Amino acid sequence: MTLIEAKFPNIRAVLFDLDGTLIDSAPDLGAAADKMRQDRGMSSLPQSSYRSMAGAGARGMIGVAFGMTPDHADFASMKEEFFQNYERSMTQNTYVFDGIAELIAHLDAKNLLWGVVTNKSARFTDPLTRAMPLFDTAKAIVSGDTTPYAKPHPEPLFEAARRLAIDPGHCLYVGDDERDIVAGLAAGMMTVAATYGYLGEKADPTMWGAHSIINSPQGLLKLLAKA
């Protein structure tokens, strides 16, 4: 019996959040926002200033760079400027977290289907995943605008399960944000919280209700490995 059979019975597929779970895109996200500052003659901020908010996308990056919230009159235009900067450089310094390639190879070897459910829009998800060999064996990639809803709504997870032709109850969802766990639980999936991603200073994964918590990709590999 494997540990996944013991802790997560009847799992036939593993779904992942993207940014902060499979890939570290914080350097490119931060650079896109910081270029906006530099273009306005403002001083550059250290990459560490952006990192903890990388999971919040444009809202988080613009918030760090300019202290601007989505209700600001200029937010929409600033967001599009950020998107254009990011679009031009989103694979320059984005990389797969250590241990993820090994984890995906394990899933492939065990004939466990896997896929991605992210709130990143397809405008970025599609070219990014096409550019990275890691995603060659992914059987479903669902973006934040693939369905009418984004996480924490469960519909994107339901869509991924439909594409895999697997009941949601036989899926495991792994993410680094509370909305990932909320969505996974609402979809009736088993859930794992990843703490190696972009946890904010006030985040407490022990309060999210996940079935398990891992501190590295190797942690999930251990759950999937034979006892």
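The values are calculated or read from the model by the stated rules, or taken from the named source; none is laboratory data. Source: prediction; values computed, not measured. We place every Cβ from the backbone using ideal geometry, glycine too, and count neighbours over all the protein chains shown.
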Any residue in region 39-53 that is part of a helix (DSSP H, G or I), closer than 20 Å to A150 by Cα, among the aliphatic types (A, V, I, L, M) and not assigned by TED's automatic domain parsing to the domain that holds L18?
no
Residues located in region 10-38, provided they are touching a helix residue (DSSP H, G or I) at 6+ places or on another chain (Cβ under 9 Å), in a helix (DSSP H, G or I) and either charged (D, E, K, R) or farther than 28 Å from A101 by Cα (or both):
D28, A33, D34, K35, M36, R37
Pairs where the first residue, in region 176-192, is over 12 Å from E155 (Cα atoms) and surrounded by fewer than 19 Cβ atoms within 10 Å (Cβ to Cβ) and the second is at pLDDT below 95 and polar (S, T, N, Q), C-beta under 7 Å, 6+ apart
none
Hey, among the residues in region 54-93 that are over 21 Å from M42 (Cβ atoms) and among the charged types (D, E, K, R), which one's surrounded by the most Cβ atoms within 10 Å (Cβ to Cβ)?
E87
Has region 79-96 got at least one residue that is within 16 Å of T21 (Cβ to Cβ), part of a loop (DSSP other than H, G, I, E, B) and in contact with a helix residue (DSSP H, G or I) (Cβ under 6 Å, 6 or more places away or on another chain)?
yes
Quick one: which of F75, F16 is over 30 Å from F135 (Cα atoms) and of a type in the set (F, W, Y)?
F75
Scanning region 116-128 for residues that are under 22 Å from P154 (Cβ atoms) and out of contact with any Gly (no Cβ under 7 Å at 6 or more places or on another chain) gives V116, V117, A122, T125
Taking region 127-152 on its own, how many of its residues are under 14 Å from the mean Cα position of the chain (by Cα) and not aliphatic (A, V, I, L, M)?
6
Members of region 100-126 that are of a type in the set (S, T, N, Q), part of a loop (DSSP other than H, G, I, E, B) and under 13 Å from the mean Cα position of the chain (by Cα):
T118, N119, S121
Going residue by residue through region 94-115, is there one that turns out to be in contact with a Gly (Cβ under 7 Å, 6 or more places away or on another chain) and crowded, with 17+ Cβ neighbours inside 10 Å?
no
Within region 205-227, is there a residue that is surrounded by fewer than 16 Cβ atoms within 10 Å (Cβ to Cβ) and either closer than 19 Å to A150 by Cβ or acidic (D, E) (or both)?
no
Expected output for region 125-148 (first residue assigned by TED's automatic domain parsing to the domain that holds L113 and modelled with pLDDT under 95, partner among the acidic types (D, E) and in a loop (DSSP other than H, G, I, E, B), Cβ below 9 Å, 6+ apart or cross-chain) is none
Somewhere in region 41-56, is a residue at pLDDT 95 or above, within 16 Å of the chain's Cα centre (by Cα) and closer than 22 Å to I181 by Cβ?
no
Look through region 15-40, keep the residues that are of a type in the set (A, V, I, L, M, F, W, C) and over 15 Å from D176 (Cβ atoms), and return whichever of them is surrounded by the most Cβ atoms within 10 Å (Cβ to Cβ).
A33
May I ask you to verify whether I11 is assigned by TED's automatic domain parsing to the domain that holds V182 and buried (at least 20 other Cβ atoms within 10 Å of the Cβ)?
yes
